[in-house]
1. Filter region 214-236 down to the residues that are among the charged types (D, E, K, R) and assigned to a loop (DSSP other than H, G, I, E, B) and list them by number.
2. Going by what's in this entry, would residue 148 be described as touching a helix residue (DSSP H, G or I) at 6+ places or on another chain (Cβ under 7 Å) and in the same structural domain as residue 75 (by TED's automatic domain parsing)?
3. Scan region 307-335 for residues that are in contact (Cβ under 8 Å) with a residue 40 or more places away in the chain and among the charged types (D, E, K, R) and jot them down.
4. Looking at region 317-332, which of its residues are under 12 Å from residue 226 (Cα atoms) and in contact with a helix residue (DSSP H, G or I) (Cβ under 6 Å, 6 or more places away or on another chain)?
5. Looking at 206, 202, 192, can you tell me which residue is in the same structural domain as residue 266 (by TED's automatic domain parsing), buried (at least 16 other Cβ atoms within 10 Å of the Cβ) and assigned to a helix (DSSP H, G or I)?
6. Given the conditions (1) within 16 Å of the chain's Cα centre (by Cα); (2) at negative phi, report the number of the one that residue 273 does not fulfil.
7. Please return the ranges of strands (runs of 3 or more DSSP E) entirely within region 237-322 where 3 or more residues are in the same structural domain as residue 9 (by TED's automatic domain parsing), β-branched (Val, Ile, Thr) and touching a Lys or Arg at 6+ places or on another chain (Cβ under 7 Å).
8. Could we say that residue 211 is assigned to a loop (DSSP other than H, G, I, E, B) and within 19 Å of residue 302 (Cα to Cα) here?
Amino acid sequence: MSNKSESLQSEFYELKELVEEKLFQIFLKEFRQHSIEEEVYCLNICYGSEELIPPLFAFGESKDKEEWVKNNIENIDSYLWNIAEYTNWDKEFIVENDKIKELFQRYNHLASELELWDVQKESILIVSKKLQKYLCEFDWNMSDDFVVAVTDLEQVDVRKNFEFLNDTSCNSCGHNPLETPPYNDDFSELLQVSYDYLTKQQEIMQEEYGIGDYHRWFYDNKTGYLTFSDDGVDKLKIKYEETGTLSDTSNTWLWSWANESIPAEVKSEIVQVKKFGEDEGYEPLTKAQWEADMTNAWEMTIISAYLMNAKGAYRVPTENLYSFMIFKEVIDLRD
């Protein structure tokens, strides 16, 4: 991959989180304004083959569904999840803020340039899944079997997307093995102490090394070094320990000590955090994988930094994942 492609890809993944945050805000604002008297069986959020963000949306009305069933429509799924068959389907999300419009346009452009449309689709899925928790706030006449669906105009991704949106628990017992572990009072106190510690360390990293000012970064998990550079010249080399990863696909945190795909070189010491969690009874530090968001991922990294006396922390965006790391040693290569 060329330096230009690497730079564009880095920019794309850095924008991804912000795009998802703004898209979710737009979803909430739009749907809170809708008052629906006609019974609906689904909210269908639909994307095309290009310019995916923001997507279209439509509500599938129960009366249409009943008519299709009554008439024994062949291949009824092509009607149920096809917004072109809905009574009112040509709805677009209103983006009033010019900066957000520019953000979406840039994200779409980079996705096209890098052919990362699947990652954009995942962004829409992630936001749509989050939206499910807010359905009770909306003034909609929802059927008993109402669902949020994410579809594509070509009807290729419907089944896969439906599985992603609804695969949250065991079929047999309803128990969710990935449920987010609770934070008790003692753990919350530890988090605050850890936050204060890492905030100070991050300030030192900026003041002494200007870590936020370099144009490029590169990490090598075989050697365990994170390198910052300007104009092709290495400026900082940091020995790091990987704490874990946050998946955009499954919305889960996975500790590095439980991740076989991470080389031993960058996770040789993180087991100390697990051992501490076992001694203190802190489940978030001992449960290998669990449902999490960006805040949870940073919290695990913050606590790890405190317990391991780290010099700082960093988040690296990669395809479908964010990798979190803490600094063990800083090597200053500046003149």
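The values are calculated or read from the model by the stated rules, or taken from the named source; none is laboratory data. If you're wondering where the values come from, they're calculated on a predicted model, not measured in any experiment. Reconstructed Cβ throughout: ideal geometry from the backbone, glycine too, with neighbour counts over all protein chains shown.
1. As a first pass, look at region 214-236 and keep what is among the charged types (D, E, K, R): 216, 220, 222, 230-231, 234-235.
Listed by number, the residues that qualify are 222, 231.
2. yes
3. Result: 311, 319, 328, 329, 332, 334.
4. 324, 326
5. Details: 206 fails: buried (at least 16 other Cβ atoms within 10 Å of the Cβ); 192 fails: buried (at least 16 other Cβ atoms within 10 Å of the Cβ).
Result: 202 is the single residue among 206, 202, 192 that is in the same structural domain as residue 266 (by TED's automatic domain parsing), buried (at least 16 other Cβ atoms within 10 Å of the Cβ) and assigned to a helix (DSSP H, G or I).
6. Tallying (1) within 16 Å of the chain's Cα centre (by Cα); (2) at negative phi, residue 273 fails exactly one: (1).
7. Working: elements: 252-255, 289-291, 313-318.
The strands (runs of 3 or more DSSP E) meeting that bar number zero.
8. yes
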